[in-house]
Amino acid sequence: MNNIIIRENFARVLEKLRGEQIIKVITGVRRSGKSTLLEIFADTLRDSGVSDEYIQSYNFEKPVFEENVDWKTVYNHIFAKLQPGKLNYIFIDEPQQIAGFERLIDGLFVEKNVDLYVTGSNASFLSNDLATLLSGRYITIHVLPFSFAEFCKAQQTEPFDKYELFRNYIYETSLPQGVLLRKHGADIQNKYIQDVYNTVIDKDIRQRYNIQDMRSFDNLSKYLMGNIGSCISPNSISKAMKQDRQDIHHNTVEKYIQYLCDSYVFYQVHRFDIQGKQQLATQEKYYIVDIGFRNLKLGRFQYQDVGHILENIVFLELIRRGKQVWIGKIGKYEVDFITKNAENRFEYYQVTWSMSNPETAQREIRPLKEIDDNYPKYILSADTITAEIDGIEQVNVVDWLLKE
């Protein structure tokens, strides 16, 4: 498989879960690398001695079966090919195209000699009936576009200049195929990003939810893109759009935002009161899954908004590293990110492009100094220096992104 970047973090997780009696559900925005991940894993199985007859792969976005095929037909087809005596590995891409796909997944799961892997590009895939039917029997692996470390691998530049590559990373797409198309020029790369975005909006949102007013939907999505990293609410968005002569009710705004988040175009981050130890119900922030989408819809003039773009990149990296993430509130101050890991350990992060201005430095340091606990506190910036200020570590964001 030429030009394939092995995504080692995800590969390690799949290898750990191999053979476990649990459904592996791989989620993420379209073209984030879910199918490729399973293809590579299937090759790993073959390399370890698993014969082809024990591996079945199906992508239901392709015409694998006749149109409107029912789940039982698909189940019978797969079941007839199961080999006795050893574990059979079944890979299923986008099964929600099949009526009653929940029954298909459940039926395959109960077969004792089946190790089942499923992908889905919409969070509603795991809602309602499927979540109820499979409760406690699946584990989710969420795939994001390329990290900065993966982006660097894909560029294969010599000599390796991490700062130059970082300047490209913060302004370009991180979708795997889009990164690999970079060598063919910006026009080809942009065409690819446009096609991916249009497919997500059309298939995962417009068709799924039968949206009629796509102009309002498009304006809303551009508003979110222009306000990544800002505290907003459906009410405030509705008012802002009405001032711009776009009449859209706040309930409709709320629905549209949910559709965008369910399709993994945006991620909603709640605020957390550090002193009160509780999650707040208003003024969430939103971050976009790929900066390339933002450039596509808003234009390159958005380059000057580098602080919010950097914040967006740090948020996605924290998610990649398996953290739970909130926006922090401490009295009248705000902390960019509070994270919690699997061991319930917290970390606090401020993100800024530069600490060279004394006023900026004071603004970033002050909220962290207000936090009265001994968990690690970081300021991530593009400054090449590292320092410690009253127990707060100032770290170069490029080095932080490349750290294992």
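The values are calculated or read from the model by the stated rules, or taken from the named source; none is laboratory data. These figures come from a predicted structure and were not determined experimentally. Here the Cβ positions follow ideal geometry from the backbone for every residue, glycine too, while neighbour counts run over all protein chains shown. The protein model used for the area step is the full one, side chains on, heavy atoms only, and it has no ligands, DNA or RNA in it. Shrake-Rupley method; radii C 1.70, N 1.55, O 1.52, S 1.80 Å.
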If packing is taken as the mean number of other Cβ atoms within 10 Å per residue, what is the order of 70-77, 385-392, highest first? 70-77, 385-392
Which residue, N210, N113, N219, tops the fluctuation ranking in a GNM of the chain built on C-alpha contacts under 10 Å? N210
Extension gain N235-E39, at 0.36 nm per residue separation less the Cα-Cα distance, in nm? 66.2 nm
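Leaving ligands, DNA and RNA out of it, rank W353, W326 by accessible area with a 1.4 Å probe, largest first. Can you show the working numbers first?
Details: W353 95, W326 35 Å².
The ranking, largest first, comes out as W353, W326.
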With the crude spin-label approximation of a point 7 Å out along Cα→Cβ, what separation in nm comes out for N59 versus R167? 3.6
To make sure I understand the rule: partners must be aspartates and glutamates, Cα under 20 Å from the Cα of K16, and not fewer than 8 residues away in the same chain. Which ones qualify? E8, E39, D43, D47, D115, E343, E404
For the chain, what log10 I(q)/I(0) values come out of the Debye formula at q = 0.06, 0.08, 0.09, 0.12 1/Å, with one point per alpha carbon and no solvent? -0.27, -0.48, -0.61, -1.07
Going by a ≥ b ≥ c, the root eigenvalues of the Cα gyration tensor, does the stretch 11-147 fall in the rounded group (a/c under 1.5), the prolate group (a/b larger than b/c) or the oblate group? rounded
Please list 3J(HN,Hα) in residue order for the stretch 354-366, calculated via the Karplus relation 6.51 cos²θ - 1.76 cosθ + 1.60 where θ = phi - 60°; whole Hz, with x for glycine and proline. 8, 9, 5, 7, x, 5, 4, 4, 5, 4, 7, 6, 3
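If a/c stays under 1.5 just call it rounded; otherwise compare a/b with b/c (prolate if a/b is bigger, oblate if not). Do that for the stretch 315-358, with a ≥ b ≥ c from the square roots of the Cα gyration tensor eigenvalues.
Details: a/c = 2.68, a/b = 1.51, b/c = 1.77.
Oblate, since a/c reaches 1.5 and b/c is not below a/b.
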Can you show me the helix-derived [θ] at 222 nm for the chain, built from DSSP H runs with n ≥ 4 at -39,500 (n - 2.57) apiece and divided by the number of residues, rounded to the nearest 500. -12000 deg cm²/dmol
Using a probe radius of 1.4 Å on heavy atoms only, what accessible surface per residue do you get for the chain? Whole Å² is fine. 48
Considering the chain as a Gaussian network with a 10 Å cut-off on Cα pairs, which listed residue, S238, S35, S356, attains the greatest mean-square fluctuation? S356
Q275 label point, 7 Å along Cα→Cβ, cut-off 16 Å on backbone N: hits in the stretch 315-332? 328-332
Most fluctuating residue given options I141, I26, I188, as computed from a GNM of the chain linking Cα atoms under 10 Å: I188
Environment charge at Q177 (Cβ cut-off 14 Å; Lys +1, Arg +1, Asp -1, Glu -1): +2
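With respect to the cross-link table entries K255/K332; K222/K255; K86/K112; K203/K323; K255/K285; K277/K340, which display a Cα-Cα separation exceeding 19 Å? Provide the component values of the computation, followed by the final result.
On the way: K255/K332 30 Å; K222/K255 15 Å; K86/K112 10 Å; K203/K323 30 Å; K255/K285 16 Å; K277/K340 13 Å.
Correct reply: K255/K332; K203/K323.
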Low-density loop cleavage sites - trypsin sites (Lys or Arg not before Pro) in the stretch 289-333, where at most 10 other Cβ are within 10 Å (DSSP): K332
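Hey, what did the chain get for relative contact order, percent, Cα under 8 Å, at least 6 apart?
On the way: 594 pairs, mean separation 53.1, N = 404.
The value is 13 percent.
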In the stretch 77-135, the trypsin sites (Lys or Arg not before Pro) that sit in a DSSP loop and have at most 16 other Cβ atoms within 10 Å of their own Cβ are K81, K86, K112
Counting Lys and Arg as +1 and Asp and Glu as -1, each charge on the Cβ, what is the dipole of the stretch 285-327 about the Cα centre in debye, to the nearest 20? 100
With a ≥ b ≥ c the root eigenvalues of the C-alpha gyration tensor of the stretch 271-323, is it rounded (a/c under 1.5), prolate (a/b larger than b/c) or oblate? prolate
FRET efficiency for D202 and N374 from the Cβ-Cβ distance with R0 = 60 Å, rounded to 0.05, comes out at 0.75
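Order the peptides 226-234, 92-100 from the highest to the lowest mean number of other Cβ atoms within 10 Å of their residues. All intermediate terms of the calculation are to be shown ahead of the outcome.
On the way: 226-234: 17.8, 92-100: 19.4.
Final packing ranking: 92-100, 226-234.
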